[in-house]
Amino acid sequence: MTAVDLEVDQLNSSVDALRRSLSNRLMYGVGKDAVAARPQDWLHAAALAVRDRLVARWMSTTRRQYEQDVKRVYYLSMEFLIGRTFTNALLALGIYEPMKEALAGVGVDMEALIDLEPDAALGNGGLGRLAACFLDSMATLGVPGFGYGIRYEYGMFRQQIVDGEQVETPDYWLRSGNPWEFPRPEIQYPVHFGGRTVQRDGHVEWVDTQHVNATAYDTVIPGFATSATNTLRLWSARAPEELDLSAFNQGDYQRAVETRNASENVSRLLYPDDSTMAGRELRLRQEYFFVSATMQDLIRRYLRTHSTFGRFSEKVAVHLNDTHPVLAIPELMRLLVDIHRVPWDKALAHVQQVFSYTNHTLMPEALETWDVELLSRMLPRHLEIIFDINAEFLRKASEGGAHDPEMIRRISLVDEYGQRRVRMAYLAIVASHKVNGVSKLHSQLMTRDIFSDFARLFPDRFTNVTNGITPRRWLAQASPSLAGLIDDAIGPRWRADLFELGALRKLRGDASFEEAFRAAKRSNKVRLAHRLAHHTGLTFDPDALFDMQVKRIHEYKRQLLNVLHVIVRYNRIRAEPQREWTPRVVLFAGKAASAYRMAKTIIKLINDVAAKVNHDPIVGDRLKVVFVPNYGVSLAELLIPAANLSEQISTAGTEASGTGNMKLALNGALTIGTLDGANIEICDSVGPEHIFIFGHTADQVDGLRSAGYRPRQFYEQNAELRMALDQIRTGFFSPGDPARFSDIFHTLVDWGDHYMVLADFAAFVEAQEAVDRRFVDVPSWTASAIENVAGMGMFSSDRAIAEYARDIWRVKPVELG
Ligand code: 26V
């Protein structure tokens, strides 16, 4: 490597310079003449022109980090739900308008191009989107952070609705190439599987393995209004050159190629299930694949500037986004002890100082455990290391007073009841210095319930960092109308300091601001109504209340509670069509895990109810129900700014935080919600008079459950509820197949109603009536909507990342000078 300074063109971002870049990139980057260029080609050229402008910043940030020998954060996540990059990058660089003009100058409409970009949908839901918001905030704050994950060829499936049912189609998002990534074929690490361990000269060797290579693809993550950038490095599997040469030499060319393909399957697809721990072998391979490459890469980077591991924990922080990357712990131990010959005790001390872990769910069925037998076949050395960590942990725990054998069995990293399994969350806790939940309530419940033994053993280890969202994507980008209005009112600084939104409170009672606020909101509703009209054939009154529940379909999120209210409202309108009704459009969107039967039945029910309601002439514009297909980041950017009401109605104690709740409130929707997850903190921030809270609290849920919950009593005692449930049971919404929804009925009425839908039903309907009354009081609703926006300061992911940086990672921003 030589160290001369490159003589490169300094790229400015005037309209003229951008227009030249567009032409250059179309011709030299895409290889097309203007006469032959399709819109796709222009998008590609425009993306390259933008990327060029990020690269200079990227190089200089990386140099600075290197010169200052900064502590780096490695954010390990199986999922990064990035969405589109084009607009985001334009806004970060402050060149949205000049680029629009430059494109217009070559005869291209930028708005049309924007919609051609496929989403990078490398995640299921909240956990993956949180990782993407965190990357944005780390870059914006100048925190030297690297995202590490998998470059799935197939992201989250596309959802179509056919006859009211979810149909999944593969999402081959790389079809037209990905202009944002830099392939790094020279950065490649072998990742081994299988084999056995042997002792040699007092050291363990892992031998007779098979391996696949992990190769790096880098994406620049720009910070907003700063020249700081970070890197997202995603690994892709490549079969080693020599793989199955033996078959090749025997003339079996096809088998050789097939074996190569099979070994590359490890980075083929994102598992689209965020509800159950499915326990698939390929999933475990994925988890090990990406953490092994990542640990090798970070050690290489550390050793470029250090000759011993003495300062390892001063320079490295590794964050585990849930347990999916937990194998990074035994992998780092293996690399330190077996390869770099660091003594076990020192290595374990390093590991405990560098690792931290975020838990994202209390649901037992989503907590990862892996079969010991499977681990012993796939990763025998790692299993030994886990056993050794466990033995040491249990020895210390019993020295510290945990003598009770029942307690030892409970806290063991290995579940010995039945088939032996490794409890990945326990491994994460034992080997990390900090463990956090994602909202105040979640962090409390985590230490009170699922991790209570560990919270007693390591009280200082547990903490809370309430989630946040990036205001750049979720307000500036998603709602230019509202963002522009806020700029006019209080200036543009809220983008980098969301607490600035508090200044909107000064405009309380300012009639012209309130009027403009309503107009901005209305324009977003019109924008959405246009798109929906296009593919539903229905028309929507933009002055109706837009009521939204947009999130994964899960029983605990209680889309069923929402549907029951819709049915009751429908019955009421039919019973008294002459009464004044507050017109509503109830929107649902979300994907169901492909194997989650009940979630899929819920989608079908929503669509059957929608068909009935929307075509009932008595109802007219007073109630419309829509299931918008294929929820994802880009659709969320269209839906959320158009919402008046945000449905956050999970059973208290089940939603770890929620982040959709924050996105909707930031866009001026009022929340109807339970005291669950971050709803509680949203209520504290905006004030109880600006939110509709209903239902059992987490403690009351526990109380009801232990007192013996009898859902049938609610069914029997509430006539409207009974009518709605009977309509579901008897085929009122599915006359061609009357038994279609009988399982829904029985789940709620006879089989225990685990998520206590019926227990919260009456309170929910009452809260919805309060919503109706408020909405028609236009000044009062507007004032509350503005209070919601004004109160969202603390829900910026910048605040969350600042807390992680200070309390958990102990890193400082890079100095850009
Ligand atoms: C779970 C699982 C289970 C095992 C294997 C595959 C897999 C993949 C994804 C998940 C995700 C479940 C955890 C999750 O997304 N939690 C959500 O995290 C958000 C960010 O902290 C939070 O706002 C949501 O409340 C929480 O449900």
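Among the candidates VAL108, VAL8, the residue that is of a type in the set (A, V, I, L, M) and either farther than 25 Å from PRO480 by Cβ or part of a helix (DSSP H, G or I) (or both) is uniquely VAL8. Taking the criterion of being at pLDDT 90 or above, within 16 Å of the ligand (Cβ to nearest atom), of a type in the set (Asp, Glu) and surrounded by 18 or more Cβ atoms within 10 Å (Cβ to Cβ), would at least one residue in the stretch 279-293 satisfy it? Yes, because at least one residue in the stretch 279-293 is at pLDDT 90 or above, within 16 Å of the ligand (Cβ to nearest atom), of a type in the set (Asp, Glu) and surrounded by 18 or more Cβ atoms within 10 Å (Cβ to Cβ). So, in the stretch 413-458, of the ones that are of a type in the set (Lys, Arg) and within 14 Å of the ligand (Cβ to nearest atom), which residue ends up nearest to the chain's Cα centre (by Cα)? Only one residue tops the list, namely LYS440. Looking at the stretch 364-394, which of its residues are under 30 Å from GLU803 (Cα atoms), outside any helix (DSSP H, G or I) and either modelled with pLDDT under 95 or touching a Leu at 6+ places or on another chain (Cβ under 9 Å) (or both)? Once the filter is applied, which keeps residues that are under 30 Å from GLU803 (Cα atoms), outside any helix (DSSP H, G or I) and either modelled with pLDDT under 95 or touching a Leu at 6+ places or on another chain (Cβ under 9 Å) (or both), the stretch 364-394 yields only LEU367. Every condition in (1) more than 15 Å from MET295 (Cα to Cα); (2) out of contact with any Gly (no Cβ under 8 Å at 6 or more places or on another chain) is met by ALA317 except one, and the failing one is (1). Can you tell me which residue is surrounded by the most Cβ atoms within 10 Å (Cβ to Cβ) among those in the stretch 351-399 that are within 11 Å of the ligand (Cβ to nearest atom) and of a type in the set (Asp, Glu)? So, considering only residues that are within 11 Å of the ligand (Cβ to nearest atom) and of a type in the set (Asp, Glu), the one surrounded by the most Cβ atoms within 10 Å (Cβ to Cβ) is GLU368. Every condition in (1) part of a helix (DSSP H, G or I); (2) under 17 Å from HIS324 (Cα atoms); (3) more than 16 Å from the ligand (Cβ to nearest atom) holds for THR140 except the one numbered (2). For GLU241, are the conditions met, namely being away from the ligand (no atom under 16 Å from the Cβ), under 23 Å from MET378 (Cα atoms) and either surrounded by 18 or more Cβ atoms within 10 Å (Cβ to Cβ) or not polar (S, T, N, Q) (or both)? In short, yes.
Residue count for the stretch 1-60 satisfying the condition of being among the hydrophobic types (A, V, I, L, M, F, W, C), in contact (Cβ under 8 Å) with a residue 60 or more places away in the chain, in contact with a helix residue (DSSP H, G or I) (Cβ under 8 Å, 6 or more places away or on another chain) and closer than 27 Å to ALA139 by Cα: 8.
Of all residues in the stretch 791-805, exactly one satisfies the criterion of being surrounded by fewer than 23 Cβ atoms within 10 Å (Cβ to Cβ) and touching a Lys or Arg at 6+ places or on another chain (Cβ under 9 Å), namely GLY793.
Note on the stretch 61-78: residues that are in contact with a helix residue (DSSP H, G or I) (Cβ under 9 Å, 6 or more places away or on another chain) and in a helix (DSSP H, G or I) total 2.
Only helices (runs of 4 or more DSSP H) whose full extent lies in the stretch 579-688 are considered here, and the ones with at least 3 residues that are of a type in the set (Gly, Ala, Ser) are 597-614.
Within the stretch 176-204, the residues that satisfy the criterion of being within 38 Å of the chain's Cα centre (by Cα), surrounded by fewer than 18 Cβ atoms within 10 Å (Cβ to Cβ) and among the charged types (D, E, K, R) are ARG184, GLU186, ARG196. If the condition is being within 16 Å of the ligand (Cβ to nearest atom), assigned to a helix (DSSP H, G or I) and either of a type in the set (A, V, I, L, M, F, W, C) or in contact with a strand residue (DSSP E or B) (Cβ under 7 Å, 6 or more places away or on another chain) (or both), then the stretch 111-135 contributes LEU127, GLY128, ARG129, LEU130, ALA131, ALA132, CYS133, PHE134, LEU135.
Among residues that are in contact (Cβ under 8 Å) with a residue 12 or more places away in the chain and within 16 Å of the ligand (Cβ to nearest atom), LEU76 is included.
The values are calculated or read from the model by the stated rules, or taken from the named source; none is laboratory data. If you're wondering where the values come from, they're calculated on a predicted model, not measured in any experiment. Glycine also receives a Cβ, built like all others from the backbone with ideal geometry; neighbour counts cover every protein chain displayed.
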